[in-house]
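The values are calculated or read from the model by the stated rules, or taken from the named source; none is laboratory data. Quick caveat: nothing in here was measured; it's all calculated off a predicted structure. Counting neighbours? That spans all protein chains shown, and the Cβs are built from the backbone with ideal geometry, glycine included. All accessible areas refer to the heavy atoms of the entire protein, side chains included, with ligands and DNA or RNA removed. Shrake-Rupley method; radii C 1.70, N 1.55, O 1.52, S 1.80 Å.
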Amino acid sequence: MKRIFIFTVFSALLALAARASTTLPIEGTIVKPTDPAILYVGRISFANPERPRFTYPGTQIIAHFNGTSVRLWAKPKSGYFMAQVDDAAPFKVALTGEQDSVVTIAAALPQGDHLLRLMYIIEGYDLKPDFRGLVLDAGARLLPPPPLPDRRIEFIGNSITCGYGNESTCANDPFEYATENHYLTYAQLTARALGAVAHVVARSGIGVYRSYGGPREGTPENVMTTEYEYTNLYDHSEPWDFSRFTPHVVCINLGTNDLSTNNYDVHRLRDAYRQLLRQVRGHYPEARIVFLCGSMLSGKELDIARTTLNAVVDEANRRGDSRVHRFDFTPQNGDLGFGASWHPSRAQHRRMADELTPFLRHLMAWNE
């Protein structure tokens, strides 16, 4: 009973501390982003190594430190992170003020060594966040980071993969950063269940050949076949270095936006899927590639999506690429509620993860 009480108090202190923001000057030991003991996961630009930039949800910053406290230093209005210290429950951290740039993640920790995990949980292409360092107790330091899992997944997707509105409980709610939480999506739930590390390339509204509401001819300037080659969204100044992360399996969950309004071109959609498959296969010759379908489509559009994906996968298999696969999520019907703008609820994401996890476990022979 005493152990449970201590852990509960510890978790409460972490959550309370995360609400406290400060501005400069900063007191304590400042750990710069260039410190080799910081572990990064995701597509991050180090063009300015003192201020690494990122826009995709799922970007992670991991650090092993000693002392009794840790603070995050980032650009003001960077948005939302999920934080976890040691084995305490994860909690949300916000950098939403115009001036606030330093947020306390944990204070009054037991003296000793601790593990911090931070995950960026929203889409940052409007906010343009950057990471400026960590602040520890005076005299404290980082320790060697833990190894990343050996299993590696890349998720390519749209608003479903981002977690659009999954913390909302009303289908009529609009998009808000405050209700988007990628940590709670099928992608991250699946990765954690499989003991894998995930890279994420996803944005709300993006399509394979046309983004949401785009013309029948397509929107080549901002579709996944364009954005996939770059480190940050809507920034084509820095091509992504694909050697920095080589997944064992790539899960592609697109098509909902291409088919979202009744002026789509199925032939263009199929050609764009073929192009994306060539891109992914060109970068990852040995990876398994899984085309996912669901869970927001229904009726005619769901049939088109499934038929199109089946054709693309069948073509690849006939050409001799047996490492391309298909998987269908159960379409949502409201029994688990809806998130904002009729997106999957938190419970729906859990169902999706419960479906995808055993499929990938069997496909990759990733036994417990």
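Looking across region 313-327 at every residue that is charged (D, E, K, R) and open to solvent by 60 Å² or more (accessible area, probe 1.4 Å), the one that is nearest to I252 (Cα to Cα) is identified as R323. Among the helices (runs of 4 or more DSSP H) confined to region 153-270, the ones with at least 2 residues that are more than 24 Å from G299 (Cα to Cα) and open to solvent by less than 20 Å² (accessible area, probe 1.4 Å) are located at 186-194, 224-227. Just one of (1) of a type outside the set (S, T, Y); (2) in contact with a helix residue (DSSP H, G or I) (Cβ under 8 Å, 6 or more places away or on another chain); (3) surrounded by fewer than 17 Cβ atoms within 10 Å (Cβ to Cβ); (4) not in a helix (DSSP H, G or I) fails for Q275. It is (4). Comparison of A107, A88 shows that the only residue that is surrounded by fewer than 23 Cβ atoms within 10 Å (Cβ to Cβ), out of contact with any Gly (no Cβ under 7 Å at 6 or more places or on another chain) and closer than 20 Å to T29 by Cβ is A107.
When every residue of region 212-225 is checked against the conditions, none turns out to be of a type in the set (V, I, T) and touching a strand residue (DSSP E or B) at 6+ places or on another chain (Cβ under 8 Å).
Residue pairs whose Cβ atoms lie under 6 Å apart, separated by 6 or more positions or on different chains, with the first residue in region 127-141 and more than 9 Å from P33 (Cβ to Cβ) and the second at pLDDT below 95 and in a strand (DSSP E or B), do not occur.
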